[in-house]
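Below is one structure, written out as structure tokens, with a few remarks after it.
The values are calculated or read from the model by the stated rules, or taken from the named source; none is laboratory data. Since the structure is predicted, the reported quantities are computational estimates derived from the model, not experimental observations. We place every Cβ from the backbone using ideal geometry, glycine too, and count neighbours over all the protein chains shown. These accessible areas exclude ligands, DNA and RNA; they are computed on the full protein's heavy atoms, side chains included. Shrake-Rupley method; radii C 1.70, N 1.55, O 1.52, S 1.80 Å.
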Amino acid sequence: MRILVTGGAGFIGSHLTDKLVSMGHKVLVVDNFITGRRENLEKHIGKDDVAIIEHDISKPVYFGEKIDRIFHLASPASPIDYQKHPIPTLKVGGLGTHNALGIAKFHKARILISSTSEVYGDPEEHPQKETYWGHVNPVGERSCYDESKRFAEALMMAYHRCHGVDTRIARIFNTYGPRMRLNDGRVVPAFVSQMLRNEKLTVFGDGSQTRSFCYVSDMVDGLIALMEKGDNLPVNIGNPQEITILEFARRISEIAQIKSEINFQPLPADDPKRRRPDITRAKTILGWEPKKSLEEGLKETISWAKSLNRI
Ligand code: NAD
Ligand code: UDP
């Protein structure tokens, strides 16, 4: 198939591109490199199976040759990135999703968007099921991201209902692995780089807030399964193994066998207190569940970070 991946030069998008190429597909990457990097696609440069198009998907783009599938992943994703670029974040969720849906409608292509656990906001239901409507601050610092993704989901449903476009909505929970930017502020690259520099680990608040971390290869398999086997209603894709951030700091030091102290810092506004996906729907309709343990995934991420020789 010919597959369009918006945001294909980013962390998840580049791993997805690798996997799609290994399955024999041709991939068109559209990326404006606002948070992505060409080096993530290094091994494909100059080869026939991947075309890289530098373009902001918030502006229209047309393709002559038939497109069969679209993974619309373009969006700043780390809290530091989207708070630095709130307007491009709102535009890519709104205008970018609209343009991606226009391409899907024209080519009769199936389209998947990377929505997020952030649509649940600071959840009052735990673990989060897809039926939960969320608890989102519409004007807070995270709202540019949360509301852009909620709007994107609404747009997908409208195109599905009005134009019969074959749509998929993946609600992605915290995902980590090689190729995250070490300074993107997300907790995994932050702790890994601090640890390798023998610095204290910056735990925000008292560290009692929880997250559930999914390794990137599991995420890519989940996205492809959803594209091929899913239906048009949202599906949580993530790892349900939940851990407090303070415990996570201890685990990562233990796994790397590097003793690190903790530097407690203020908790950012609207930081969700608990987050864990209920993945019953993904298991039932996709036959998917994550395979990689936190220990294995962190070992791979730490050894990748060491290999960069940038620390
Ligand atoms: P990332 O920042 O590494 O990748 C995003 C990519 O999108 C980058 O290459 C960036 O340059 C590109 N991009 C952004 N705006 C664009 C635009 N207007 N036009 C073209 N390209 C644009 O982030 P990621 O972690 O790989 O996230 C990928 C997707 O998954 C995002 O949509 C994000 O919201 C979603 N998601 C990720 C996580 C996670 O934990 N990583 C969790 C929930 C949802
Ligand atoms: N966090 C932290 N120290 C850091 C970076 C993040 O304690 O250096 C916390 C953050 O407050 C949040 C959790 O780790 O509770 C996950 O943060 P991240 O930015 O990775 O993703 P989020 O799930 O908040 O989007």
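General remarks:
- Residue list for segment 218-235, restricted to those being open to solvent by 30 Å² or more (accessible area, probe 1.4 Å) and in contact (Cβ under 8 Å) with a residue 12 or more places away in the chain: Asp221, Lys229, Asp231, Asn232, Leu233
- Glu199 passes every criterion in (1) acidic (Asp, Glu); (2) surrounded by 18 or more Cβ atoms within 10 Å (Cβ to Cβ); (3) more than 16 Å from ligand 1 (Cβ to nearest atom) apart from (2).
- Within segment 236-257, the residues that satisfy the criterion of being open to solvent by less than 10 Å² (accessible area, probe 1.4 Å) and outside any helix (DSSP H, G or I) are Asn236, Ile237, Gly238.
- Just one of the numbered conditions (1) over 19 Å from the mean Cα position of the chain (by Cα); (2) away from ligand 2 (no atom under 16 Å from the Cβ); (3) touching a residue at least 12 places away in the same chain (Cβ under 8 Å); (4) open to solvent by 30 Å² or more (accessible area, probe 1.4 Å) is not true of Glu124: (3).
Here's the yes/no breakdown for (1) within 16 Å of ligand 2 (Cβ to nearest atom); (2) modelled with pLDDT of 95 or more; (3) within 21 Å of the chain's Cα centre (by Cα); (4) not hydrophobic (A, V, I, L, M, F, W, C):
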{"position": "Val220", "(1), (2), (3), (4)": "no, yes, yes, no"}
{"position": "Leu223", "(1), (2), (3), (4)": "no, yes, yes, no"}
{"position": "Asn239", "(1), (2), (3), (4)": "yes, yes, yes, yes"}
{"position": "Arg281", "(1), (2), (3), (4)": "no, yes, yes, yes"}
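- Matching residues, segment 177-200, being in contact with a Pro (Cβ under 8 Å, 6 or more places away or on another chain) and in contact (Cβ under 8 Å) with a residue 12 or more places away in the chain: Met180, Arg181, Leu182, Gly185, Arg186
- For Phe191: the one exception among (1) part of a helix (DSSP H, G or I); (2) farther than 18 Å from Val216 by Cα; (3) open to solvent by less than 30 Å² (accessible area, probe 1.4 Å): (2)
- Gln209 vs. criteria in contact (Cβ under 8 Å) with a residue 40 or more places away in the chain, closer than 27 Å to Leu308 by Cβ and either within 13 Å of ligand 2 (Cβ to nearest atom) or not β-branched (Val, Ile, Thr) (or both): no
- Which listed residue, of Ala152, Ala100, is farther than 18 Å from Gly10 by Cα, within 13 Å of ligand 1 (Cβ to nearest atom) and either of a type in the set (A, V, I, L, M, F, W, C) or open to solvent by 60 Å² or more (accessible area, probe 1.4 Å) (or both): Ala152
- Residue check for Ser143: modelled with pLDDT of 95 or more and within 10 Å of ligand 1 (Cβ to nearest atom): no
- When residues in segment 258-280 are screened for being open to solvent by less than 60 Å² (accessible area, probe 1.4 Å) and within 20 Å of Thr131 (Cα to Cα), 5 of them pass.
- Test: residue in segment 81-93 that is touching a helix residue (DSSP H, G or I) at 6+ places or on another chain (Cβ under 6 Å), open to solvent by 10 Å² or more (accessible area, probe 1.4 Å) and closer than 23 Å to Leu233 by Cβ: no
- A count restricted to segment 105-153 and to residues that are of a type outside the set (Ser, Thr, Tyr) and not in a helix (DSSP H, G or I) stands at 26.
- Restricting segment 137-149 to residues that are in contact with a Ser or Thr (Cβ under 7 Å, 6 or more places away or on another chain) and over 17 Å from Pro234 (Cα atoms), the residue that is most open to solvent (accessible area, probe 1.4 Å): Asn137
Results for (1) away from ligand 1 (no atom under 16 Å from the Cβ); (2) at negative phi; (3) touching a His at 6+ places or on another chain (Cβ under 7 Å); (4) of a type in the set (Lys, Arg), shown as yes or no for each residue.
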site	(1), (2), (3), (4)
Gly207	yes, no, no, no
Val220	no, yes, yes, no
Ile224	no, yes, no, no
Pro234	no, yes, no, no
Gln241	no, yes, no, no
Arg251	yes, yes, no, yes
